[in-house]
Amino acid sequence: MANDSNLMKTPFCDLHIAAGGRMVSFAGWYMPVQYPTGIKTEHLAVRESVGLFDVSHMGEFLVEGPGALGFLQRMASNDVSQLEIGQAQYAVACLETGGIVDDLLIYRRAADRFLVCVNAGRLTEDWAWFTQNHSAADDCTLVNASSDFAQLAIQGRNGAAVVQKLTDVDLSAIGTYRFTEGVAGGVDCIIARTGYTGEDGFELFFHRDHAEVMWHQVLEAGAEFGILPIGLGARDTLRLEMKFCLYGNDIDESTTPLEARLGWITKWKDKDFIGRDAIAAQVKAGMPRALVGFELRGKGVARHGYPVWLDGEPLGEVTSGAMTPSLGKAIGLCYLPRDRAAVGQSFEVEIRGKRVAAEVVKTPFYQRPY
């Protein structure tokens, strides 16, 4: 068990410990990496039914006022003007160099009110970047409300059924990347059909004072579906199977969104934003590399940091890797030269001094069957 003396704790911390969670340090937080059931069982519970995640370590910024849209248009790679009220959008914030400050979700709560959800490990850097680029001329307020929120994710094919037992809101009317503000479990919530697993499900944002009651209500509502609490270990394997990027592994300030194949959220042709000129210049010069998904063709498991070899020469490292519980394969992500990044490309991953054959494959690795 990690030493928790200098770590931040979510309002669910004591509940994780009571449930037998193995606690570790993660991005400055004291979080459960797994429970007694184990990572594979937790992973498959989400794929086959439903799981409960504490994601309260994530950060929340409130951007409100007449100039809120304009400010976010400048800060985010995606076109925030296309958001309807009650819609969420994935985006990245970039440096002037085009490097990624963080990936984030933007929720439009009203014409001039937005919530921006950011990664726990980048909260300090994100807040500094947002405030550095914010001025009175933007005509909007910027509030770091992270300490007020608790957040639970209920993910899996039965996730909607679990949440529906807690609310009178018609969840069937809420599409993917849509949300509403209503009551669940007697608590005022943002009820969002978003997640980081590739499964259906909801994320609930609410005041941290209601954390314990919400945790128990969700577990009770999900008991008939065999709901399990899910730790960081299964959260990582679930997102990897979908080729969802993890900040600090697959993306960081040295990678541009186009290199990470996030061009679909990078509207450099359509709008101006911080980093846009550098990204446009990179397109003109030619993309140097691309993030690819791969499977090992030999024995072993590719882990983060393992060396990658191409044509007998060292070339970077594995950014993410694991044995996938859903598919029973050793998979991973890494960067390859753009002209060598096509499906079928062969290369090698060095595992404990031995090079093991790998091959670029189509992603996402996993496709949900419903």
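A short reminder: the numbers here are calculations on the coordinates, not readings from a lab. Nothing here was measured: the structure is a model prediction, and the numbers come from that model. Cβ sites come from the backbone with ideal geometry, for glycine too, and all protein chains shown count toward neighbours.
Please list, ordered by chain and number, the residues whose modelled amide H lies under 5 Å from the amide H of S56; skip anything fewer than 5 residues away on the same chain.
Q151
What are the ³J(HN,Hα) values, in whole Hz, obtained from phi via the Karplus relation 6.51 cos²θ - 1.76 cosθ + 1.60 with θ = phi - 60°, for each residue of the range 87-98 in sequence order, with x given for Gly and Pro?
Karplus-based 3J(HN,Hα) across the range 87-98 equals 10, 10, 8, 8, 7, 10, 9, 10, 6, 4, 6, x Hz.
In the chain, what is the count of Lys pairs whose alpha carbons are under 30 Å apart, counting only pairs at least 8 residues apart or on separate chains?
So the count works out to 29.
At a 10 angstrom cut-off on C-beta neighbours, averaged per residue, how do the peptides 101-107, 346-352 rank from highest to lowest?
The most tightly packed comes first, giving 101-107, 346-352.
From Cα pairs below 8 angstrom and at least 6 apart in sequence, can you work out the relative contact order of the chain, rounded to a whole percent?
Across the chain, relative contact order equals 18 percent.
Ranking request for peptides 234-240, 331-337: highest mean number of other beta-carbon atoms within 10 Å first, then the rest in descending order.
Highest-to-lowest ranking by the protection proxy: 234-240, 331-337.
Can you find, among V349, V50, L219, the residue farthest towards the positive end of the dipole of the chain? Put +1 on the C-beta of Lys and Arg, -1 on that of Asp and Glu.
V349
Beyond 28 Å, what share of the Cα-Cα pairs of the chain is found? Please give it as a whole percent.
46
What size of dipole, in debye to the nearest 20, comes out for the range 162-251 about its Cα centre when the only charges are +1 on Lys and Arg C-beta atoms and -1 on Asp and Glu C-beta atoms?
So the magnitude is around 240 debye.
What whole-number distance in Å separates the alpha-carbon centres of the range 262-312 and the range 319-344?
13
Around T324, what is the net charge, scoring Lys/Arg as +1 and Asp/Glu as -1 over all other residues with Cβ under 13 Å from its Cβ?
Within the 13 Å Cβ shell, the charges total +2.
Just to check I understand the Karplus step: with θ = phi - 60° and J = 6.51 cos²θ - 1.76 cosθ + 1.60, what whole-Hz values come out for the range 141-148, glycine and proline as x?
9, 10, 10, 8, 9, 4, 6, 8
Calculate the dipole size of the chain relative to its Cα centre from +1 charges on Lys and Arg beta carbons and -1 charges on Asp and Glu beta carbons; express the result in debye to the nearest 20.
Once rounded to the nearest 20, the dipole reads 1300 debye.
A136 to S5: FRET efficiency via 1/(1 + (r/R0)^6), r the Cβ-Cβ distance, R0 56 Å, to the nearest 0.05?
Taking R0 as 56 Å, the efficiency between A136 and S5 is 0.85.
Where both partners of a DSSP beta bridge lie in the chain, what percent of those bridges are antiparallel, to the nearest 5?
Rounded to the nearest five, the antiparallel share is 95 percent.
Taking θ as phi - 60°, what are the ³J(HN,Hα) couplings along the range 327-332 by the Karplus curve (6.51, -1.76, 1.60), each to the nearest whole Hz, with x for Gly and Pro?
10, x, 10, 8, 10, x
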